[in-house]
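K.L.:
Below is the structure I would like to discuss, written out as structure tokens.
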Amino acid sequence: MRVMKTEKNKVALVTGANTGVGFQIAKALAENNYTVYVGARNLEKGKNAASQLGENAIAIELDVTVENTIKLAAKAIEKEHGLLDLLVNNAGISNAGTRQGTMEEMLAAQMPSVASISEMKAVWNTNVFGALAVTQAFIPLLRNAPSPRIVNVSSGLGSLTMNQDPSNPYRKSFDVVYGASKAAMNAITVSLANELEGTNIKINAVSPGFTATALNNFQGTESVEEGSKEPVRVALDESGVSGQFTGPNQEHFPW
Ligand SMILES: NC(=O)c1ccc[n+]([C@@H]2O[C@H](COP(=O)([O-])OP(=O)(O)OC[C@H]3O[C@@H](n4cnc5c(N)ncnc54)[C@H](OP(=O)(O)O)[C@@H]3O)[C@@H](O)[C@H]2O)c1
């Protein structure tokens, strides 16, 4: 028997939700009765993903580096719902896609002494400026929701404190193209949390586990289901915490 819905679904947008971690977050939200907008820079891929998630999922074209798609997505969600309960800034890239190679080879080319500035700009354009541009466009809709949240999908690589810890085996992977973009995203998270203090909008950063996705040439050690657990937990968390950064085992990461 079909259970009648008594309450209106909450409304969420996940950027880069056609695959990987974003898809898992969208899946969990759809299963938890959110109406979830599956943001995708390629609408066909978004539609394909949404069709796998059932009636609560709606594909929406959104390239975080293309202002017009951000504006149109915000207008469409405003027209349909007048608010947004949850924004997940998940879309991200680890390189500009101009080279082939293993994760190790890519990382070596992204170290500060040799990194291509144009590659750095391309990655920061998506991971940093894109995430902030989407956030700015949706803040007015978030303000209309009763308990709105923003979740920034970051990385442990973005923790400056952990990158200075000699016992951290990942610190040698702290590059300026990808790792530093996540440090910048973290800085923006703290800045926004400070600005929004005293409002009802909560904002947190979260790192997935080291997950096998296109982002790392599928060299991650966790499945998407395992690696996405903490982003899914934070996305569903309505406890009201703000200004926090957590890692794959729910541990608090230092900024
Ligand atoms: N995998 C890990 O181990 C790991 C660890 C720490 C943090 N993260 C973070 O987790 C997030 C998701 O990454 P993932 O591992 O799931 O990688 P992924 O499978 O490569 O997914 C990245 C998603 O972002 C989308 N995207 C890229 N550029 C975009 C743009 N300009 N506009 C809109 N969407 C765009 C991709 O779209 P297309 O399909 O069209 O390319 C894809 O949907 C990223 O922010 C990443 O930095 C991942």
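The values are calculated or read from the model by the stated rules, or taken from the named source; none is laboratory data. What you are looking at is a predicted structure, and each value in this text was computed from that prediction instead of being measured. Glycine also receives a Cβ, built like all others from the backbone with ideal geometry; neighbour counts cover every protein chain displayed. Note: areas computed on protein heavy atoms with side chains; ligands, DNA, RNA excluded. Shrake-Rupley method; radii C 1.70, N 1.55, O 1.52, S 1.80 Å.
K.L.:
What does the accessible area per residue of the chain come to in Å², with a 1.4 Å probe and no ligands, DNA or RNA counted? List each step's numbers first, then the result.
P.N.:
Numbers: 12660 Å² over 255 residues.
Each residue of the chain exposes 50 Å² on average to a 1.4 Å probe.
K.L.:
Could I ask something else about it? Residue separation times 0.36 nm, minus the C-alpha to C-alpha distance between Q219 and E7: what's the value?
P.N.:
Working: separation 212, 0.36 × 212 = 76.32 nm, distance 4.20 nm.
Working it through step by step, the gained length comes to 72.1 nm.
K.L.:
In debye, nearest 20, what is the charge dipole magnitude of the chain about its Cα centre with +1 on Lys and Arg Cβ and -1 on Asp and Glu Cβ, if you could check?
P.N.:
Working: 21 positive and 24 negative charges, 90 e Å.
Taking the Cα centre of the chain as origin, the dipole is about 440 debye.
K.L.:
Right, another one. Which percent, to the nearest 5, of DSSP beta bridges fully inside the chain are antiparallel?
P.N.:
Numbers: 1 of 26 bridges.
For the chain, the DSSP antiparallel bridge percentage is about 5.
K.L.:
For the chain, what does -39500 (n - 2.57) per DSSP helix run (n ≥ 4), summed and divided by total residues, give at 222 nm, in deg cm²/dmol to the nearest 500?
P.N.:
Values: 10 runs with 100 residues, N = 255.
Taking each H run of at least 4 residues, the total per residue is -11500 deg cm²/dmol.
K.L.:
Using Cα-Cα distances under 8 Å and only pairs 6 or more residues apart, what relative contact order does the chain have, in percent? Please list the in-between numbers first.
P.N.:
Working: 519 pairs, mean separation 45.0, N = 255.
Relative contact order for the chain comes out at 18 percent.
K.L.:
Still on this structure, I have one more. What trypsin sites (Lys or Arg not before Pro) does the range 15-107 have in DSSP loop regions with at most 14 other beta carbons within 10 Å?
P.N.:
On the way: sites: K27, R41, K45, K47, K71, K75, K79, R99; in loops: R41, R99.
Qualifying residues, ordered by number: R99.
K.L.:
If you roll a 1.4 Å probe over the chain with all protein chains in place, what percent of the accessible area is carbon or sulfur?
P.N.:
53
K.L.:
Please list the non-local residues whose amide H lies under 5 Å from the amide H of T211, H modeled 1.01 Å from N, same-chain partners needing a gap of 5 or more.
P.N.:
Residues meeting the criterion, in which the H sits 1.01 Å from N, are T221, E222.
K.L.:
How large is Rg/Rh for the range 1-108, to two decimals, with Cα atoms and a Kirkwood Rh?
P.N.:
Details: Rg = 15.6 Å, Rh = 14.8 Å.
Across the range 1-108, the Cα-based Rg/Rh ratio is 1.06.
K.L.:
How much solvent-accessible surface does I117 expose, in Å² to the nearest 10, with a 1.4 Å probe and all protein chains in place?
P.N.:
For I117, the solvent-accessible surface is approximately 110 Å².
K.L.:
Then there's this: Counting only C-alpha contacts under 8 Å and six or more residues apart, can you give the relative contact order of the range 21-106 as a whole percent? Display every interim value, and only then the final one.
P.N.:
Values: 86 pairs, mean separation 18.0, N = 86.
Here the relative contact order equals 21 percent.
K.L.:
On the Cα set of the range 10-252, report Rg and Dmax in Å, please.
P.N.:
Rg, Dmax (Cα atoms, Å): 16.8, 51.
K.L.:
Find the relative contact order for the range 1-68 and round it to a whole percent, using C-alpha pairs within less than 8 Å whose residues are 6+ positions apart.
P.N.:
On the way: 123 pairs, mean separation 19.9, N = 68.
Worked out over the range 1-68, it gives 29 percent.
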